[in-house]
Every structure is written in C-alpha cells, then in structure tokens.
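Enquirer: There's a structure below that I have some questions on.
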Amino acid sequence: MTVVISMLRGVNLLKYNRIKMDALRELYVSLKFEDVATFIQSGNVVFRTKERDLGKIARRIGDGIEKGFGFRPHVVLRTAEEMRGVIARNPFAARKEVEPGKLLVWFLAADPGDEARKKVLTVKMEREELRIEERELYIYFPDGQGRSKLSLAAVDRALKILGTGRNWNSVLKLMEMAEKLS
C-alpha cells in the first residue's frame with residue numbers, strides 16, 4: 001500500500017471553504033482510503049491506499065469535496081517517499097539561523113519546467129530567500145511571513161502552476177505521521 005500526504009489549498013481560510021477535520025476524515029474514509037488521519041485545520045490528510053496513480057487520487061478527492069462541501073479546492077499530493085525527498089533536499093538545512101516556523105515549502109501540483117523555474121527567481125523579494133527544487137519551492141521569511149512583501153500570487157503567476165504552502169514544522173509532522181503508516 002502507498003502512504004499519501006494530501007494537502008488542500010485554500011481550505012478554512014477565514015470564513016471561506018470551511019471543512020471540519022472530522023468531516024474531512026470521514027470523506028476520505030468514504031473514498032476507500034485507509035488509516036486516515038488529519039493534521040491541523042488547513043486540510044492536511046495522511047492515508048494509505050492501493051491506488052498508485054496520484055492524479056486519479058487527486059481527482060477523487062476533489063470530486064468528493066465538491067460533492068460533499070460545495071467547492072473544489074486544489075489538491076496537492078506527495079507519497080511518503082516523495083516527502084522524504086522534500087526533506088532531504090531542503091537547501092536551508094545546514095543554516096542554524098533558519099527558524100522552522102519561518103521556512104515555507106510551497107508544494108507544486110506538477111513540475112513547472114525550466115523556464116518557469118528561472119522566472120520565479122525574478123519575483124520581487126526583499127529579505128526573503130527562495131530556492132526551487134523539483135516540484136517544491138523553499139521560501140525563507142527571516143522577518144516572518146506576515147511581514148513579508150513577497151507576493152505568493154506573483155509566485156503562482158511566474159510558475160503557472162498552483163501549489164500550497166506548509167511551514168517546515170508542518171512538513172516534519174506530516175512526514176512523522178506518514179512514517180507511522182509505512
């Protein structure tokens with residue numbers, strides 16, 4: 001069985017696209033996923049499945065949420081093995097001053113291609129640092145994300161592929177949850 005980490009974009013933001021995590025867990029169980037567990041209110045779900053096609057899984061989840069909750073969030077998936085790679089490729093890992101809560105991993109739904117990789121590095125930044133590795137952006141916000149002038153909408157436009165962000169603490173917690181199912 002494959003262990004999958006599901007991250008939903010734009011769920012439970014203010015009063016929009018609300019899903020309680022117990023209802024989300026129930027939905028994933030109804031979709032025949034096993035050992036379903038959620039993490040915090042931002043649409044993180046870890047589960048096991050016999051299905052190996054992540055595209056099919058994402059469509060099933062999107063269809064289920066649309067049918068059950070009336071909106072369709074963007075669904076980004078990583079297998080446990082892929083998430084191990086995300087952690088191993090962290091370009092900030094050796095830097096002791098990088099605080100985990102200020103490091104964001106922006107998970108892309110697909111490979112953006114070389115042109116988009118170059119273009120995203122031209123997005124206006126102040127003190128933020130951005131690195132792109134495979135299907136992930138690693139963004140360090142030394143002053144915190146709330147004070148940042150970096151526009152994630154500009155990042156989306158440069159890449160032409162939607163993604164969703166999780167801070168480093170959440171990435172590690174999701175990996176810990178996935179390891180328990182492996």
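Enquirer: Looking only at residues that are in a helix (DSSP H, G or I) and among the hydrophobic types (A, V, I, L, M, F, W, C) in segment 1-44, which one is farthest from residue 85 (Cα to Cα)?
Expert: Initial filter on segment 1-44 (in a helix (DSSP H, G or I)): 21-30.
With the extra rule that they be among the hydrophobic types (A, V, I, L, M, F, W, C), the set shrinks to 21, 23-24, 27, 29.
Details: 21: 27, 23: 30, 24: 27, 27: 28, 29: 27 Å.
By that ranking, first place goes to 23.
Enquirer: Every residue in segment 45-59 that is assigned to a helix (DSSP H, G or I), surrounded by fewer than 16 Cβ atoms within 10 Å (Cβ to Cβ) and in contact (Cβ under 8 Å) with a residue 40 or more places away in the chain, please.
Expert: In the first step, residues of segment 45-59 are kept if they are assigned to a helix (DSSP H, G or I); the result is 54-59.
Retained after the next criterion (residues that are surrounded by fewer than 16 Cβ atoms within 10 Å (Cβ to Cβ)): 55-56, 59.
Within segment 45-59, no residue meets the criteria.
Enquirer: Considering each residue of segment 40-67, count those that are at pLDDT below 95 and in contact with a Leu (Cβ under 9 Å, 6 or more places away or on another chain), and give that number.
Expert: 2
Enquirer: Separate question: List, please: which pairs have Cβ atoms under 9 Å, are six or more places apart or on different chains, and start with a residue in segment 4-21 that is on the phi > 0 side of the Ramachandran plot and assigned by TED's automatic domain parsing to the domain that holds residue 43 and end with one that is assigned to a strand (DSSP E or B) and at pLDDT below 90?
Expert: Filtered contacts from segment 4-21: 10/16.
Enquirer: Further question on the same structure: Residues 101, 62: which one is outside any strand (DSSP E or B) and farther than 25 Å from residue 143 by Cβ?
Expert: Working: 101 fails: farther than 25 Å from residue 143 by Cβ.
Answer to the selection: 62.
Enquirer: Hey, could you check segment 104-122 for residues that are touching a strand residue (DSSP E or B) at 6+ places or on another chain (Cβ under 7 Å) and assigned to a loop (DSSP other than H, G, I, E, B) and say which is surrounded by the most Cβ atoms within 10 Å (Cβ to Cβ)?
Expert: Of the residues in segment 104-122, the ones touching a strand residue (DSSP E or B) at 6+ places or on another chain (Cβ under 7 Å) are 104-109, 117, 120-121.
From what's left, assigned to a loop (DSSP other than H, G, I, E, B): 109, 121.
Values: 109: 19, 121: 13.
Ranking the qualifying residues of segment 104-122, first place goes to 109.
Enquirer: Being among the aliphatic types (A, V, I, L, M) and modelled with pLDDT of 95 or more is the filter here; which residues of segment 160-180 pass it? Let's see the steps before the verdict.
Expert: Let us first name the residues in segment 160-180 that are among the aliphatic types (A, V, I, L, M), namely 161-162, 171-172, 174-175, 177-178.
Answer for segment 160-180, where residues must be among the aliphatic types (A, V, I, L, M) and modelled with pLDDT of 95 or more: 171, 172, 174, 175, 177, 178.
Enquirer: Then there's this: Say we look at segment 2-22 and pick out the residues that are among the aliphatic types (A, V, I, L, M) and modelled with pLDDT of 95 or more; which of these is farthest from the chain's Cα centre (by Cα)? Working first, answer last.
Expert: Within segment 2-22, the first condition is being among the aliphatic types (A, V, I, L, M), and the residues that meet it are 3-5, 7-8, 11, 13-14, 19, 21.
Those left that are additionally modelled with pLDDT of 95 or more: 3-5, 7-8.
Details: 3: 15, 4: 12, 5: 9, 7: 5, 8: 7 Å.
Looking at residues that are among the aliphatic types (A, V, I, L, M) and modelled with pLDDT of 95 or more, I get 3.
The values are calculated or read from the model by the stated rules, or taken from the named source; none is laboratory data. These figures come from a predicted structure and were not determined experimentally. Virtual Cβ from ideal backbone geometry, glycine too; neighbours counted across all protein chains shown.
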